[in-house]
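Trainee: Structure provided below as structure tokens; questions to follow.
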Amino acid sequence: MARTQKLGTTRSRIAVAASAVAVAATVWGAVVLVAPDHAPRPDTSQELGAGAGRGTGGSGGSGGSTSSPDTGTGSTGTGSSSGGSSEDGAKGGGAKGGAQGSGGAAQGRIPDSIAHASESGGNTVNITIDDGPDPQWTPKILEVLARHDVKATFCMIGPQAKAHPDLVKRVVQGGHRLCDHTMNHDTSMDKKPVAYQQQQILDAKRLIEEAAGGGAKVEYYRAPGGAFTPDSRRIAAANGMRPLGWNVDTKDFQKPGTAAIVEAVKREIVNGPTVLFHDGGGDRRQSVEALDQVLAWLKDQGRPTGFPVRTAPDTP
């Protein structure tokens, strides 16, 4: 009887010990499972809309030409550019492209939706100048703007700004605004990793602001060729830059003749208020002449000029 009781006691002790081990293993296992959730995780998000939904140009309000240095190559889709990948692939975003984003932020906060509308509303037109600064053509563009008492937004390439800080300062001193147009004008940015997009955007912002001096800030970001992605828009907005599209592609980069550039503006201005010119990337003589005529025409039409929205939702 005593032997039986001792055996039972031994078995009970073994069972208790086994239970303790099981509990400990369970607790240890739970720690192992929980710990990685508190550790930093790599960004595995994928770029959306590489080339999708880009406009077809012309007078349809799709915001860009398929061969523009700001539209890239191989554009597809119809330029509806509303929501999903179409929004981020829209070259200029079309008349309302990008407005579907997470825009509509609180007052003072920069939305990541693509802007086209003018801060002043009404029939105000936004003049935007891309790919500079250029030592030959930017001064001439500035002279035309000053003669017409017009302010514009200059979308600059980072290394160009670093090479010509005097021109960046002239732009700021003239009351114009600065826009980040990346480091290398890579129109395939929407197909590149997020880290690459961030480097292209933030390095250019730093160089432009260093060249400007005096605490001047870059207020917009325009993707080369309209190659926006959700990530690039988020990065820009988080760093104080409103993503900026366009409605009228003058196609001045093709050098079609001054009259053709002017006519493109008159024909396509119904698409929306933001007009795209260039002061860099080649001979811009026609751009300078056309801008002079366009500004005179806008004045005759009773259309003032201004800046694109920054904190307001996009409602061109």
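Trainee: For region 185-232, what class follows from the C-alpha gyration tensor (a ≥ b ≥ c being the square roots of its eigenvalues): rounded when a/c is under 1.5, otherwise prolate if a/b is larger than b/c, else oblate?
Mentor: On the way: a/c = 2.59, a/b = 2.18, b/c = 1.19.
Since a/c reaches 1.5 and a/b is larger than b/c, the shape of region 185-232 is classed as prolate.
Trainee: At 7 Å along Cα-to-Cβ for each site, give me the label-to-label distance between Arg170 and Asp203 in nm.
Mentor: That separation, rounded to one decimal, is 2.7 nm.
Trainee: Oh, and also: Label region 159-316 by shape, choosing from rounded, prolate and oblate, from the square roots a ≥ b ≥ c of the eigenvalues of the Cα gyration tensor; if a/c is under 1.5 it is rounded, and otherwise prolate applies when a/b is larger than b/c, oblate when it is not.
Mentor: Numbers: a/c = 1.58, a/b = 1.46, b/c = 1.09.
Prolate is the answer for region 159-316, as a/c is 1.5 or above and a/b outweighs b/c.
Trainee: Separate question: Over 21 Å between C-alpha atoms is what I'm after, so list which of Lys191/Lys255; Lys169/Lys251; Lys169/Lys217; Lys140/Lys169; Lys140/Lys205; Lys151/Lys299 land there.
Mentor: The answer is Lys191/Lys255; Lys169/Lys251; Lys140/Lys205.
Trainee: Which value in nm describes the separation of the simple spin-label points at Ala259 and Arg303, placed 7 Å from the Cα toward the beta carbon?
Mentor: Taking the two extended label points, one gets 2.1 nm.
Trainee: What percentage of the solvent-accessible surface of region 183-224, computed with a 1.4 Å probe over protein heavy atoms, is contributed by carbon and sulfur atoms?
Mentor: Details: 840 of 1660 Å².
Here it works out to 51 percent.
Trainee: With every protein chain present, what is the per residue accessible area of region 201-289 (1.4 Å probe, Å²)? Mind dumping the intermediate values first?
Mentor: Details: 2600 Å² over 89 residues.
Accessible area per residue, region 201-289: 29 Å².
Trainee: In addition: Report ³J(HN,Hα) in whole Hz for each residue of region 212-228, in order, from the Karplus equation J = 6.51 cos²θ - 1.76 cosθ + 1.60 where θ = phi - 60°; Gly and Pro get x.
Mentor: Residue by residue, region 212-228 yields 5, x, x, x, 5, 10, 7, 9, 9, 10, 10, 6, x, x, x, 7, 6 Hz.
Trainee: Can you pull the one-decimal nm distance between simple spin-label points at Asp283 and Glu119, each 7 Å off the Cα toward Cβ?
Mentor: If labels sit at Asp283 and Glu119, their model points lie 3.7 nm apart.
Trainee: Can you tell me the accessible area per residue over region 113-157, all protein chains present, probe 1.4 angstrom, in square angstrom?
Mentor: Working: 1370 Å² over 45 residues.
Ligands and nucleic acids excluded, the figure is 30 Å² per residue.
The values are calculated or read from the model by the stated rules, or taken from the named source; none is laboratory data. Remember, predicted model here, so these are calculated numbers, not experimental data. Glycine gets a Cβ as well: all are built from the backbone with ideal geometry, and neighbour counts include every protein chain shown. These area figures cover heavy atoms from the full protein model, side chains too; ligands, DNA and RNA do not enter into them. Shrake-Rupley method; radii C 1.70, N 1.55, O 1.52, S 1.80 Å.
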